[in-house]
1. Taking only protein heavy atoms and a 1.4 Å probe, what accessible area per residue, in Å², does the range 33-160 have with all protein chains in place?
2. Mind ranking TYR213, TYR28, TYR50, TYR155 by accessible surface for me, highest first, 1.4 Å probe?
3. Looking at the chain, how many pairs of lysines come closer than 14 Å at the Cα, when each pair is eight or more places apart or spans two chains?
4. What value does the range 5-103 have for Rg/Rh, both radii from Cα atoms and Rh as Kirkwood defines it?
5. Given R₀ = 45 Å, what would the calculated FRET efficiency be for ASP133 paired with LYS99, taking r from the Cβ atoms and rounding to 0.05?
6. Radius of gyration and Dmax for the range 54-117's Cα atoms, expressed in Å?
7. Considering only protein heavy atoms and a probe of 1.4 Å, how much of the accessible area of the range 106-239 is carbon and sulfur, as a whole percent?
8. Return the calculated 222 nm mean residue ellipticity for the chain, to the nearest 500 deg cm²/dmol, obtained by summing -39500 (n - 2.57) across DSSP H runs with n ≥ 4 and dividing by the residue count.
Amino acid sequence: MMSDFLKVTIERGPDARNVRQVFGVPAYKSQTVLDAVSWVQQNADPTLSYRFACRVGMCGSCAMMVNGVPRWTCRTHISKVLDGNAVTIGPLRNLPVIKDLVVDMDPFFDKWIAAEGVHHGGLTREDQIAPVDERSAERIEANSGIECINCSVCYAACDTVAGNPEYLGPAALQRAWTLLNDTRDRGRDAILAAVSGKGGCHNCHSIGSCTAYCPNELDPMSAIAGLKRETTKSFLGKGR
């Protein structure tokens with residue numbers, strides 16, 4: 001049971017590992033981790049920097065490390081993550097820290113581009129809209145990853161990214177898999193070349209942290225496995 005006050009430790013940065021500040025935060029019913037961070041900024045230290053927007057798990061901008069685990073702080077009740085009566089909150093792992101709990105997302109999005117995670121159109125505005133068979137195996141695979149909201153929780157959870165900064169990461173590779181299975185996309189060769197190169201899908205160790213921690217219950221590990229199969233078949237001249 002929570003006491004009247006919580007011990008909230010916040011990693012301050014950009015050198016967050018060396019600066020930890022402890023705050024006594026009043027405990028409330030149904031309090032989220034984001035509520036606690038907001039209380040600190042509004043009542044104890046207005047210089048604290050952090051990100052949030054929707055507060056309902058739609059935007060993903062409030063993702064932080066909570067007791068070493070990447071989470072959406074707006075959807076995480078603090079009572080469920082307390083260690084004793086304490087919690088430690090830090091910036092997302094594997095990304096540069098700008099200040100306190102705010103990380104630079106540019107490397108994360110740059111890898112989407114590097115993985116050819118952009119639509120490769122083949123039609124003009126004068127052409128008919130391409131039909132999509134929602135029951136096809138390819139469309140089912142494509143649909144399985146489209147709910148990614150770019151929160152970077154999977155990227156922060158990934159030990160391969162932690163050990164290999166060139167690795168494209170689970171979100172970028174899942175996006176590549178989605179496009180590879182989209183019949184409207186004309187970039188198959190470019191995608192396969194991008195994800196089979198240095199830092200590509202074959203660097204994945206299949207640990208599964210990306211799938212385990214995805215707040216939207218997506219399965220990047222299976223998407224990466226799909227890319228491994230397709231790049232191998234392409235290399236052997238057996239691609240579709």
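1. 51
2. TYR28, TYR213, TYR50, TYR155
3. Close lysine pairs found across the chain: 4.
4. Over the Cα atoms of the range 5-103, Rg/Rh equals 0.92.
5. The formula returns an efficiency of 0.40 here.
6. 13.6, 45
7. For the range 106-239, the apolar C and S fraction of the accessible surface comes to 51 percent.
8. Mean residue ellipticity, 222 nm, calculated: -8500 deg cm²/dmol.
The values are calculated or read from the model by the stated rules, or taken from the named source; none is laboratory data. Small disclaimer: the values here were computed from a predicted structure and weren't measured. So basically every Cβ, Gly included, is an ideal-geometry build from the backbone, and we count neighbours across all protein chains shown. To get the accessible areas, we keep the full protein, side chains included, count just its heavy atoms, and leave off ligands, DNA and RNA. Shrake-Rupley method; radii C 1.70, N 1.55, O 1.52, S 1.80 Å.
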